[in-house]
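The values are calculated or read from the model by the stated rules, or taken from the named source; none is laboratory data. Model, not experiment: these values are computed from the prediction. Positions of Cβ are generated from backbone atoms using ideal geometry, with glycine treated the same way; all protein chains shown enter the neighbour counts. Keep in mind that these areas ignore ligands, DNA and RNA; they rest on the heavy atoms of the full protein, side chains included. Shrake-Rupley method; radii C 1.70, N 1.55, O 1.52, S 1.80 Å.
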Amino acid sequence: MDVKKAQTKAFSNLIASLVLIAFETWAWVQSGKIKVAKNAAVQPSTFPRIMIIGMAVFTAVLLIQSIIKLAAMKPDDPLARRAETLDPFRDKGVAAALFVILLCCAYVWLFKGLGYVVVSFLLSGIIMWLIGLRKPAPLLLISALVPLGMWLVFYKFLSVNIPMGVLQFLRDLVDKL
Amino acid sequence: MDWNLLFSSYANVFLNPTVLLMTLLGAVGGVLLGAIPGMTATMGVALLIPFSFGMDLIPSVGLLLGIYCGGMYGGSISAILIHAPGTPSAAATLLDGYPMAQKGEAGKALSVAMFSSFCGGVIGALIMTFLSPLVAKVAMKFTSAEMLMLAVFGLSVIISISGKSISKGLISAFFGMLLCTIGLDPTYSKQRFTFGVTSLKGGLSFIPVLIGLFAVAEVIAGVERIIAGRESAQAKSTEKITRVLPDGKTIGQIWPNIISGGIIGTFIGAIPGAGGDIAVFVSYAFNKGASKHPEKWGTGIPNGVAATESANNGCSGGAMIPLLSLGVPGDSVTAILLGAFIMKGIQPGPMMYVSELPTVYKVFAALMLANLAMLLVGCAGVRVFAKIVSLEKRMLYPIILVVSLLGAFSINKNVFDIGVCVFFGVIGWLMNKYEFPLSPILLALILGPMCEQNFVRFMDLNQGDFSTILHYPIAVGFFVVAVGVVIFSLINQKKINRREAEAVSQPQE
């Protein structure tokens, strides 16, 4: 087996179960902070706690399965295959994915201020450029026309008011027309 | 049954140009609305109801039913093409529909979805015509005990949609159920996991979570694959669509799935509070379990699309049953339809079958017509819709992202929902990467609130004594069936794992 144990799917399952146990512990502590209802047969915290227990039981199963697999790993076992990485320095695909996530966070932050059309233009333009569309004409046209078209459909036909930010004048223009 | 009146009512509807036009317009609007992620059939009906004010009852019902049936099919278009179900009822369609599109069979998947939707709708309309008083009687006996066990029964299909690792599937399901508890608790209004965030008090909106888990996660993964060189940025579908309806061979393969899906959809649709979103998963699990090759389900086979699409359109007929027979809407769309009936001075309920029988039959006919209109619109649109996947991936992914994020916003017109959508996009990307199935979360999000509300109501009514559930035979029946489904799914999953292991070892031999 040329894949080190720490790079196998079984090991990634082990790490995932440890992360899940940490999450379940945190969720259990948080569920303790839910206020108690008087004279209630079922407390507001009961159902979430049942779910946390259910999650914990199957996390334990996953943990035990991965420990057993790691202890006696056969080369042809599907779990002996190389797991996906989250290291942006080892895999440029992961770095690009993390960059897109960062862009999406900026999108949420700027959505109200700049408006849907402008932030969508920036987001789609940057992603298109990132994944290889370098011709300016299609890049700019698609990035601008798709959000603009969607805004028109939602605003004019579906009566959904979408923030336009710096392009507020477009709404006034459409209203006048 | 008064056959003469039934036939004359059908003729009255099918030969009325205004009804035909309104139903067709409704179907066009429904398909287009359903195809936009975040826009549901309910929203479409709610948006167009003011336009029906000035019309007679039957044209307005035709318009609304056209939107309803069109929206049910429309949701599958984006599920198949961009991995973002347009409506919650199309959530299970992506299990096989999207892999079909990835294999270059988007046109075939769309035509199977359309044909199955039509057949499911017709099955629903037929059952509604002949069995509505009977089905309504059974469905209305449901108390919190039966509803709780119905939710448990729905959850029992999780194993069959969990993929290779059942423990990972169940972790996903419990995680989804935990997500449902965010916000004010439904009985005592105590805050749970809100951390002082006002937008969380109402809980997580289903649509932004759905769009995030599937569409946004797919875009992030797609960019990752392109940059890592595992997918070509110029990749696009080159499928040539020669026919808009499935060929005879495909219909021969999928007809059992269509019939069973239509029947399952109609009966689940007839239960108030249980709609297409539950029916599609139950139908998928049932058909997968009954299949000779369950290992092929989820890899992109038309049977998976047929089973789910016939079930969600079957629901449209089912949901009309309690509306007409008892005046109780089966789902949110029929609740709006109830309002339309009342506005026209007609009170749906048992008396409607006595005093307004011709109207009842005309509604049956309008539903049948709405399904036909949906088929026509679908046939006209398959080639146009399939063009979406003929775009290069480097153009398609950014477009999917900005359309999806807008869909997330449009539900509550709240920027917070875009944040929720992005957050669940990241969760979905990570879960996909480490092989945690996403579909159980979806099912849990649908059934979680129903499960909790009925659990709390049942326990309150029975002073906390859960054993009294044994006094409810229908509930016990659901529980027994749920246990049977779990056992059957476990056996089935073993069969799938064995066949896959054989398939891997064969080339080496």
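Miscellaneous remarks
- Placing a label point 7 Å from the Cα of B:Asp460 along the Cα-to-Cβ direction, the residues of region B:148-185 whose backbone N falls under 18 Å of that point are B:148-149, B:181-185.
- Assigned charges on the beta-carbon of Lys, Arg, Asp, Glu; chain B dipole about Cα centre (debye): 760 debye
- For chain B, the alpha-carbon radius of gyration amounts to 0.94 times the rule-of-thumb value 2.2 N^0.38 Å expected for a compact globular protein.
- Region A:92-176: relative contact order in percent, alpha carbon pairs under 8 Å with at least 6 residues between: 36 percent
- Per-residue mean of foreign Cβ neighbours for A:100-110 is 6 (Cβ atoms of other chains, 10 Å radius).
- Gyration tensor (alpha-carbon) shape descriptor, chain A, a/c threshold 1.5: oblate
- In nm, spacing of pseudo-spin labels at B:Ser8 and A:Ile64 (7 Å Cα→C-beta vector): 7.1 nm
- Average accessible surface for region A:5-80: 53 Å² per residue, computed with a 1.4 Å probe over protein heavy atoms with every protein chain in place.
- Cα centre as origin, Lys/Arg/Asp/Glu Cβ charges: region A:92-176 dipole, Debye: 180 debye
- Near A:Ser45, once Lys and Arg are set to +1 and Asp and Glu to -1 for all other residues with Cβ below 10 Å from its Cβ, the sum equals +4.
- Cα gyration tensor, the protein assembly as shown - rounded (a/c under 1.5), prolate or oblate: rounded
- Once the Cα atoms are used to define both axes, helix A:46-71 deviates from the longest principal axis of chain A by about 60 degrees.
- In this calculation the C-beta distance from B:Val480 to B:Leu245 is compared with R0 = 35 Å, giving a FRET efficiency of 0.30.
- DSSP H segments from chain B that extend 24 Å or more along their own axis, Cα-based, with Kyte-Doolittle mean of 1.6 or above: B:17-35, B:57-82, B:357-386
- When its C-alpha radius of gyration is set against 2.2 N^0.38 Å (N residues), region A:92-176 gives a value of 1.19.
- Charge-dipole axis of chain B as Lys and Arg at +1 and Asp and Glu at -1 on Cβ define it, positive-most pick from B:Leu184, B:Thr198, B:Asn432: B:Asn432
- Summing both sides, the accessible surface hidden between B and A at a 1.4 Å probe radius is close to 5800 Å².
- Point-to-point label distance, A:Leu170-B:Phe130, nm (Cα→Cβ direction, 7 Å offset): 5.4 nm
- Centroid-to-centroid, using Cα positions, region B:248-266 and region B:426-488 are 27 Å apart.
- Computing FRET efficiency as 1/(1 + (r/R0)^6) for A:Leu177 and A:Trp129, where r is the C-beta to C-beta distance and R0 is 35 Å, gives about 0.60.
- Within-15-Å neighbourhood charge of B:Asp2 [Cβ basis; K, R +1; D, E -1]: 0
- For A:Thr8, distant residues with modelled amide H under 5 Å away: A:Ala83
- A Förster radius of 41 Å combined with the Cβ-Cβ distance from A:Phe157 to A:Ala137 puts the calculated FRET efficiency at roughly 0.90.
- With only the Cα atoms considered, region A:5-80 has a convex hull volume of 72 Å³ per residue.
- Accessible carbon and sulfur surface of the protein assembly as shown relative to its total accessible area, %, 1.4 Å: 67 percent
- In chain B, taking the dipole from charged Cβ atoms about the Cα centre, the farthest positive-side position among B:Gly62, B:Ser410, B:Ser132 is held by B:Ser410.
- Estimated dipole of the protein assembly as shown in Debye, rounded to 20 [Cβ of Lys and Arg +1, of Asp and Glu -1, Cα centre]: 1160 debye
- Classification of region A:37-102 by its C-alpha gyration tensor yields an oblate form. The axis ratio a/c (a ≥ b ≥ c) is 1.5 or more, and b/c is at least a/b.
- Nearest 10 degrees, 0 to 90: helix A:136-152 Cα axis against chain A principal axis: 90 degrees
- Residue-count net charge about A:Ile34 - beta-carbon cut-off 13 Å; Lys, Arg +1, Asp, Glu -1: +4
- Farthest toward the positive end of the dipole of the protein assembly as shown, out of B:Met72, B:Gly104, A:Leu86, is the Cα of A:Leu86, where the dipole comes from beta carbon charges about the Cα centre.
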